[in-house]
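The values are calculated or read from the model by the stated rules, or taken from the named source; none is laboratory data. Since the structure is predicted, the reported quantities are computational estimates derived from the model, not experimental observations. Cβ: placed from backbone, ideal geometry, glycine included. Neighbour counts: every protein chain shown. The area values use the complete protein model at the heavy-atom level, side chains included, leaving out ligands, DNA and RNA. Shrake-Rupley method; radii C 1.70, N 1.55, O 1.52, S 1.80 Å.
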Amino acid sequence: MPKPNKGNGKPPEKVCHPYSRKAAYLAGEEIRLKKKNRSNKDKATRLSGIGEKLMWFQENLDTEKTAFTKKDACYIVERYLQRFEPELEQIELVNGIKGRQGRLHGAREAVVKQTMEREQEQYKDVGFEIPDIINAKNLKTFREWTGDVRKLPNIKLRKVFKKDLETKNEEDDKPEDADDDNEGDEDDLDDDQLDEDVLMSDLL
């Protein structure tokens, strides 16, 4: 006599009642995972933005120098703050063509000008944050950085002020030895600083 077909032997999956505690738990877990994934993506974007900024400084430092003064840092910052000027000139050139109606790249132009204004205000008032190139030890660590965003917390930052260009005290404008520790200007790279430094990185 043939045996009755029992299928694959697995019991059918139970359907959760939409108002049960298990359904509420699963829904909450799904929301938590979505938030976590979004947070991870946002942090990756922030890290990428600050990484690009630090790479610019690394690529534009004088490779022959082993330490920089505050004035040196100011000159480098001012070059960084002018990095968008060729792009703005190109946009102006395109829009200056005779007979052209409407303004091209208007949104991009507005974002760039807003970024330049914000950075200039930081440089003048609260200080513009860059990798610490004034302390010899921190400069060496920065030069050895390969661009890996996971290593960003190892890089010391320092705020540079426009007023440092006006200093007349030679002692205040000397590079720092590796053992010097200037707690007033140095900072570690944390999430709050990432948020501030790449406030508009998604748009640039």
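So that you can scan it fast, the table gives a plain yes or no per residue for (1) farther than 16 Å from Gln58 by Cβ; (2) open to solvent by less than 70 Å² (accessible area, probe 1.4 Å); (3) touching a strand residue (DSSP E or B) at 6+ places or on another chain (Cβ under 6 Å):
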{"residue": "Ile134", "(1), (2), (3)": "no, yes, yes"}
{"residue": "Leu139", "(1), (2), (3)": "no, yes, no"}
{"residue": "Glu144", "(1), (2), (3)": "no, no, no"}
{"residue": "Pro153", "(1), (2), (3)": "yes, no, no"}
{"residue": "Arg158", "(1), (2), (3)": "no, yes, yes"}
{"residue": "Phe161", "(1), (2), (3)": "yes, yes, no"}
{"residue": "Leu165", "(1), (2), (3)": "yes, yes, no"}
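Is it the case that region 84-101 has a residue that's within 18 Å of the chain's Cα centre (by Cα) and under 19 Å from Trp56 (Cβ atoms)? Reasoning before the result, please.
Residues of region 84-101 that are within 18 Å of the chain's Cα centre (by Cα), as a first pass: 84.
Okay, now just the ones that are also under 19 Å from Trp56 (Cβ atoms), so 84.
Looking for residues that are within 18 Å of the chain's Cα centre (by Cα) and under 19 Å from Trp56 (Cβ atoms), one finds at least one in region 84-101, hence yes.
Just to confirm my filter: which helices (runs of 4 or more DSSP H) fall fully inside region 1-95 and include at least 2 residues that are surrounded by 11 or more Cβ atoms within 10 Å (Cβ to Cβ) and modelled with pLDDT under 75? Steps first, please.
Values: elements: 21-60, 70-81, 85-95.
In region 1-95, 21-60 are the helices (runs of 4 or more DSSP H) which contain 2 or more residues that are surrounded by 11 or more Cβ atoms within 10 Å (Cβ to Cβ) and modelled with pLDDT under 75.
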Worksheet item: Do we have any residue at all in region 111-125 that's over 17 Å from the mean Cα position of the chain (by Cα) and of a type in the set (A, V, I, L, M)?
Response: no
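Output the residues belonging to region 105-114 that are over 17 Å from Trp56 (Cβ atoms) and surrounded by 12 or more Cβ atoms within 10 Å (Cβ to Cβ). I'd like the intermediate steps shown before the answer.
Of the residues in region 105-114, the ones over 17 Å from Trp56 (Cβ atoms) are 105-111, 113-114.
Answer for region 105-114, where residues must be over 17 Å from Trp56 (Cβ atoms) and surrounded by 12 or more Cβ atoms within 10 Å (Cβ to Cβ): His105, Arg108, Glu109, Val111, Lys113, Gln114.
I'm trying to understand the selection: among the residues of region 134-175, which are modelled with pLDDT of 85 or more, outside any helix (DSSP H, G or I) and β-branched (Val, Ile, Thr)? Write out each step before concluding.
Initial filter on region 134-175 (modelled with pLDDT of 85 or more): 134-165.
The next check asks that each one be outside any helix (DSSP H, G or I); those that pass are 134-135, 145-148, 155-161.
Passing the criteria: Ile134, Thr146, Ile155, Val160.
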